[in-house]
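K.L.:
Would you mind keeping the following structure in view while I ask a few things?
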Amino acid sequence: MNDTVYVSGHQNPDTDSIISAIAYAHLLNKLGKYHAVPVRLGTVSQETQYVLDRFALETPPLLKTVKQKVEDLDYDKVTLFAKELTLKTAWSLMKQGNLKSAPILDENSQLIGLLSTSNIIAGYMDEWDSEILAKSGTSIENIVDTLDARVLHLNRKTKVFKGEIHVAAMLKEEAQKRIKKDDIVIVGGDREDTIRMLTEQGVSLIILTGSLSLTEEMAKRIEEANITTISTPYNTFATTQLIIQSVPVDFVMQKGAIRTFSTDDTVDYMKEVMTETRYRSYPVVDLNGRVVGSLSRYQLLSGLRKKVIQVDHNERAQSIPGIEEADILEIIDHHRVADIQTVGPVYFRCEPLGSTATIVSKAYFEEGIDIPANIAGALLSAIISDTLLFKSPTCTPVDTKIAKRLAKIAGVDLVELGKEMFKAGTSLKGKTMDQIFYQDYKRFSIGKRQIGVAQVNTMDIEGFEEYRDEMLAYMNTQVEAQHLDAAFVLLTDVINAASQLFVAGPKAEIAARAFKVTIKNSEAFLPGIISRKKQVIPAITEAIEQMG
Ligand SMILES: [Mn+2]
């Protein structure tokens with residue numbers, strides 16, 4: 001059973017998705033509404049990682065699918081049987097545990113078979129002949145156990161009782177003709193002459209019924225003949241019935257290659273296998289190969305659908321794989337409503353605000369639940385992230401108001417937090433020049449000039465200063481490799497509306513004319529320039545045309 005509710009943002013998660021999932025799960029748990037667990041559908045960004053670190057929050061676990069897995073099914077928990085177990089004990093254990101089947105293990109705990117109640121019944125229906133104990137290799141321990149017998153004499157050398165089973169009910173002369181060496185004989189009543197005859201025949205096992213014991217003389221005879229002899233409290237009729245139940249389970253179990261399922265297998269896969277095979281029951285093994293239970297066909301129907309709450313998205317394509325197999329309980333979002341379809345009624349809260357974090361914060365306030373300082377800081381970060389520090393056209397007065405309230409709870413300065421978060425999120429530290437240059441690179445053919453322009457968004461322009469020489473060297477290799485007249489790299493800070501320009505190539509002076517700046521050490525600061533398409537390319541085109 002699994003009553004976990006997963007709270008999940010969208011694929012390629014941004015800060016709003018991750019933080020809204022964490023905070024909303026926290027709120028639901030506080031309200032005691034669900035056992036809610038925040039999850040993520042992808043790698044967290046540099047920016048989100050900064051927020052998680054700064055506010056000491058754990059990265060939610062990655063959820064790859066909400067497809068039903070074997071572990072979600074209500075399978076029979078394991079009762080493992082040793083292969084020597086008697087049918088009698090197995091039957092009573094299965095009845096007690098209401099088990100339809102049980103995996104059978106050998107002495108090394110390896111799965112060697114599967115016992116179902118129908119195997120036992122089928123065993124009885126097959127006409128078992130009088131050599132069943134020999135064929136099934138039934139041990140004396142099994143027989144003693146099944147018959148609640150007392151051992152009067154034990155011949156330790158006899159491992160298997162090879163002969164036929166007889167009931168010594170006939171006259172001695174008649175019995176003598178039929179009973180042969182190594183046979184098994186059930187003796188009812190006080191029959192000294194019969195026992196004497198049996199010792200002469202060299203039978204392998206004498207079973208005395210009705211708690212009979214031996215006279216001193218007979219006991220001596222048996223010991224001399226070294227014949228295993230036991231005494232059972234059951235009468236002769238019951239003994240003949242019960243002895244069959246001493247057969248070990250490995251005689252009737254389903255053998256051979258056993259089809260097993262791992263707890264990690266999906267139910268889809270399982271259905272596929274079940275339509276191709278026709279076993280009544282399948283053992284379930286965990287990831288270490290240990291048998292943990294067994295599954296029968298009917299249990300497929302009782303599978304539980306996983307429960308999901310979607311935050312920061314509602315479109316199916318942005319959601320977790322297998323969502324069609326899950327139950328969506330709630331949707332908290334601030335995007336357009338697209339193609340959602342739910343099986344049952346759903347709590348659907350969609351507000352045209354700047355971030356989902358704003359809606360989640362409102363939910364805390366409405367419910368009167370205190371927001372812990374660190375969660376308030378994270379929610380504030382998510383609002384700042386989605387609204388680009390309140391500069392985005394999607395930002396509303398509600399977002400600004402809630403953000404201020406959160407800043408107070410978290411005890412942080414809103415602008416400082418925004419700057420640090422964007423800086424961390426867009427830092428180019430640790431990246432290769434190749435990654436930076438080609439992250440967003442375009443080549444233009446203007447007049448007779450070949451120009452390459454790379455643009456990277458970063459709020460950490462100062463942080464890049466230490467890489468400038470490395471970048472200029474790299475740009476020169478690209479100028480040569482691509483036969484460019486000029487290569488430009490723009491580090492663009494959207495929030496402060498400015499770019500830092502790096503230039504390389506034989507016609508690098510185009511930039512000076514285009515932007516009307518002085519290029520110093522192959523660098524220039526371009527205030528107000530943030531769009532390659534609308535500002536940079538038109539300016540360069542004009543400069544090239546002027547220069548002819
Ligand atoms: Mn969002």
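Just so it is clear, none of the values below were taken in a lab; they were calculated from the coordinates. Note that the structure is predicted; figures quoted are calculated from it, not measured. All Cβ positions, glycine included, derive from the backbone under ideal geometry; neighbour counts span all protein chains shown.
K.L.:
When the dipole is taken about the Cα centre of the stretch 433-547, and only Lys, Arg (+1) and Asp, Glu (-1) are charged at their Cβ, what size is it in debye, to the nearest 20?
P.N.:
That gives the stretch 433-547 a dipole magnitude of about 660 debye.
K.L.:
Counting DSSP beta bridges with both partners in the stretch 393-548, what percentage is antiparallel, nearest 5?
P.N.:
Close to 75 percent.
K.L.:
Could you quote the convex hull projected area for the stretch 1-117, Cα atoms only and averaged over all directions, in nm²?
P.N.:
Values: hull surface 44.7 nm².
One quarter of the hull surface, i.e. the mean projection, equals 11.2 nm².
K.L.:
Which whole-Hz ³J(HN,Hα) couplings does the stretch 330-343 yield from phi under the Karplus relation 6.51 cos²θ - 1.76 cosθ + 1.60, θ = phi - 60°, glycine and proline marked x?
P.N.:
8, 9, 10, 8, 9, 9, 4, 8, 10, 9, 5, 9, 10, 6
K.L.:
On a full-extension model of 0.36 nm per residue, what is the gain between residue 158 and residue 338, subtracting their alpha-carbon distance, rounded to one decimal in nm?
P.N.:
57.0 nm
K.L.:
Pick out, from 81, 535, 473, the residue whose Cα sits farthest towards the positive end of the charge dipole of the chain, with +1 on the Cβ of Lys and Arg and -1 on the Cβ of Asp and Glu.
P.N.:
The one lying farthest along the dipole's positive direction is 535.
K.L.:
Let me have the relative contact order for the stretch 139-246, percent, based on Cα pairs under 8 Å that are six or more residues apart.
P.N.:
34
K.L.:
In cubic angstrom, how much convex hull volume per residue do the alpha carbon atoms of the chain span?
P.N.:
242
K.L.:
Report the full-extension gain for the segment residue 211 to residue 347: residue separation times 0.36 nm, less the Cα-Cα distance, to one decimal in nm.
P.N.:
The span from residue 211 to residue 347 would gain 41.7 nm if fully extended.
K.L.:
Got a sec? How would 72, 399 order by Cβ neighbour count within 10 Å, fewest to most? Don't skip to the answer; put the middle values down first.
P.N.:
On the way: 72 18, 399 24.
Ranked by crowding around the Cβ, least crowded first: 72, 399.
K.L.:
Between residue 435 and residue 259, how high is the FRET efficiency from 1/(1 + (r/R0)^6) when r is the Cβ-Cβ distance and R₀ = 51 Å? Nearest 0.05.
P.N.:
0.60
K.L.:
Taking Rh as the Kirkwood radius, which is the inverse of the mean 1/r over Cα pairs, what is the Rg/Rh value for the stretch 433-547?
P.N.:
0.92
K.L.:
Among 8, 108, 228, pick out the residue whose Cα is farthest towards the positive end of the charge dipole of the chain, where Lys and Arg carry +1 and Asp and Glu carry -1 on C-beta, about the Cα centre.
P.N.:
Among 8, 108, 228, the one farthest towards the positive end of the dipole of the chain is 8.
K.L.:
If we count other beta carbons within 10 Å of each Cβ, what is the order of 292, 360, 415, 203, fewest first?
P.N.:
Final ranking by Cβ density, sparse to dense: 415, 292, 203, 360.
K.L.:
Taking 0.36 nm per residue of separation and subtracting the Cα-Cα distance, what length does fully extending residue 369 through residue 462 add?
P.N.:
Contour length minus the Cα-Cα distance gives 29.3 nm.
K.L.:
Which FRET efficiency value, to the nearest 0.05, is calculated for residue 174 and residue 388 with the Förster distance at 60 angstrom and r the Cβ-Cβ distance?
P.N.:
Computed FRET efficiency for residue 174 and residue 388 comes out at 0.05.
K.L.:
Please compute the modelled spin-label separation between residue 181 and residue 268, points set 7 Å along Cα→Cβ, answer in nm with one decimal.
P.N.:
With each label point 7 Å from Cα toward Cβ, the separation is 6.6 nm.
K.L.:
Let me have the relative contact order for the chain, percent, based on Cα pairs under 8 Å that are six or more residues apart.
P.N.:
14
K.L.:
In whole percent, what relative contact order does the stretch 351-437 give with Cα contacts below 8 Å and a gap of six or more residues?
P.N.:
32
K.L.:
Which whole-number percent of Cα pairs in the stretch 139-246 have a distance greater than 23 Å?
P.N.:
I get 15 percent for the Cα pairs in the stretch 139-246 exceeding 23 Å.
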